[in-house]
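Let me begin by presenting the structure, written as structure tokens, before commenting on it.
Only the coordinates and a few stated rules stand behind these numbers; no lab work does. Keep in mind the model is a prediction, meaning the values are calculated, not measured. Note that each Cβ is placed from the backbone with ideal geometry, even for glycine, and that neighbours are counted across all protein chains shown.
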Amino acid sequence: MTHRTPIVLSLTSLLLLMLVGGCGSNGQSVTFSSVDQKKVFAHAFPEAYISRGTEGDLDVFLVEDGLSLAEQKSTARRPLEAAPATPRQIVHVHVVWTPMRNMRGDHPAATNAVVHWYVLGAGGAHESANLLHYTGSGYVKVILSRTDARVTLANISLRLRERRGDLTDPLGPATLSGEFSAKVSDTNVKALLAEVRGFTPAVARGE
């Protein structure tokens, strides 16, 4: 049997291919591993927020607002140019219960979180007309302080739940893993919760 070595690619480059006809940064790094394609796509999110709910649960968000290629490459001495926009991405991790410190991610009972990954096409107020919505569950460990948290994702399985518009699914079934820091911000998390509930009303209703 031939051994296939996983190929590490930029998720930003992959997402550009999702737009029909469309043409490593610093941040909170995670990896999406395609089960079918045997490839690993690494990505760094520039924003990460966390907030504790009234029932002791936790909501964590990783956010990247879509930018044009010209904006990503521009400098103070170079004017912006018109260019295709990269999709906006939001990863929402809802931690239902906090595991004990000695619990490992491969423990049979170590499924304590639900994950939603939204990929939104460019389009301003109508960006959700182009949408990929992945869902899954797995193990999330959180070490929370007053101002920030260290979040570890392990054994998160993802599948495409919904596709709208011109975006296509290049991953298929995938797994999500990573470790990153998130800033405690009740205000930002509340706003993001309201935003993602607008993308998928059925999810907001618990369907």
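Data overview
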quantity: Interchain or long-range residues, amide H under 5 Å from Val35's placed H; calculated: Ala174, Thr175
quantity: Distance (nanometres) between label positions extended 7 Å along Cα→Cβ at Glu162 and Trp97; calculated: 2.9
